[in-house]
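The values are calculated or read from the model by the stated rules, or taken from the named source; none is laboratory data. Quick caveat: nothing in here was measured; it's all calculated off a predicted structure. All Cβ positions, glycine included, derive from the backbone under ideal geometry; neighbour counts span all protein chains shown. Side chains are part of the model used for accessible areas, which takes the heavy atoms of the whole protein and leaves out ligands, DNA and RNA. Shrake-Rupley method; radii C 1.70, N 1.55, O 1.52, S 1.80 Å.
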Amino acid sequence: FKDENGYINFEIRKNTGDDIPITSFNNVPSAKNFLEHLREKYALCQKLCGLYKNNGACFHHGIKECNGACVQQESQDDYNQRAQTAIKSMEYRHKNFLIIDKGRERNERAIIHINKGSYQGFGYADMEYATNNVGFLLDCVKSYQDNRDIQIIIKGYLDRHKVEKIIALEES
């Protein structure tokens, strides 16, 4: 979210399903560790990442590891550009899609369903019957809970491998 000064802030909160999270975690310590990693990698402000609570500058500003967004010494544009880069590093190209790739057997394909950026589950289908039938493919998917680990695995796999097919789905 953007604060009253126009800076992008990150927040850890329980996923109620009302909002689309940038990413999700199994617990708060994992979320904090990940935000700390983002803070370090993209030179973000500890306070604007929700990792430091006070009314003044963050601790890292005092030791010259923060450019001062927490006290409006850094421009919104400069800071928000880095924050947007951090956000983009966690996003999929589509919000709703199916990943189709090799299955366990020759004529079988694995199916992974992502909806609103969240992992919905996976399954397998005989491609002889499911070439472009999205309804059939979705029926083959078993629901599983989304979490940070599965998000990292899927995003890493998509980054490192050429999958057989990605089917973009309409907003649901």
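Quick notes on this one:
- Top positive-direction residue, dipole computed over the chain with Cβ charges, set Ala31, Asn80, Leu137: Ala31
- Take every Cα pair under 8 Å whose residues are at least 6 apart in sequence, average their separation, divide by the length of the range 21-77, and the relative contact order is 23 percent.
- Sorting the segments 104-114, 134-144 by their mean number of nearby beta carbons within 10 angstrom, highest to lowest, gives 104-114, 134-144.
- In order along the range 58-64, the Karplus-derived 3J(HN,Hα) couplings, from 6.51 cos²θ - 1.76 cosθ + 1.60 at θ = phi - 60°, round to 6, 4, 5, 5, x, 9, 6 Hz, and Gly and Pro are given as x.
- Dividing the summed helix terms, -39500 (n - 2.57) for each DSSP H run of n ≥ 4, by the number of residues in the chain produces a 222 nm estimate of -8500 deg cm²/dmol to the nearest 500.
- Span-like helix check, the chain: no full DSSP H segment qualifies, none having both a Cα axial length of 24 Å or more and a mean Kyte-Doolittle of 0.0 or more.
- Residues whose placed amide H lies under 5 Å from that of Ser24, excluding near-sequence neighbours: Arg148
- Relative contact order of the chain, defined on C-alpha pairs under 8 angstrom at six or more residues apart (%): 20
- Options (1) 0.93; (2) 1.08; (3) 0.95 - which one matches Rg/Rh (Cα atoms, Kirkwood Rh) as calculated here: (2)
- Charge dipole magnitude, Cβ of K and R +1, D and E -1 - the chain, Cα centre, debye nearest 20: 400
- 3J(HN,Hα) couplings calculated from phi for the range 43-56 with the Karplus curve 6.51 cos²θ - 1.76 cosθ + 1.60 (θ = phi - 60°) are, in sequence order, 6, 8, 7, 4, 5, 6, 8, x, 9, 8, 10, 5, 8, x Hz; Gly and Pro show x.
- Using a probe radius of 1.4 angstrom, the carbon and sulfur fraction of the accessible surface of the chain is 47%.
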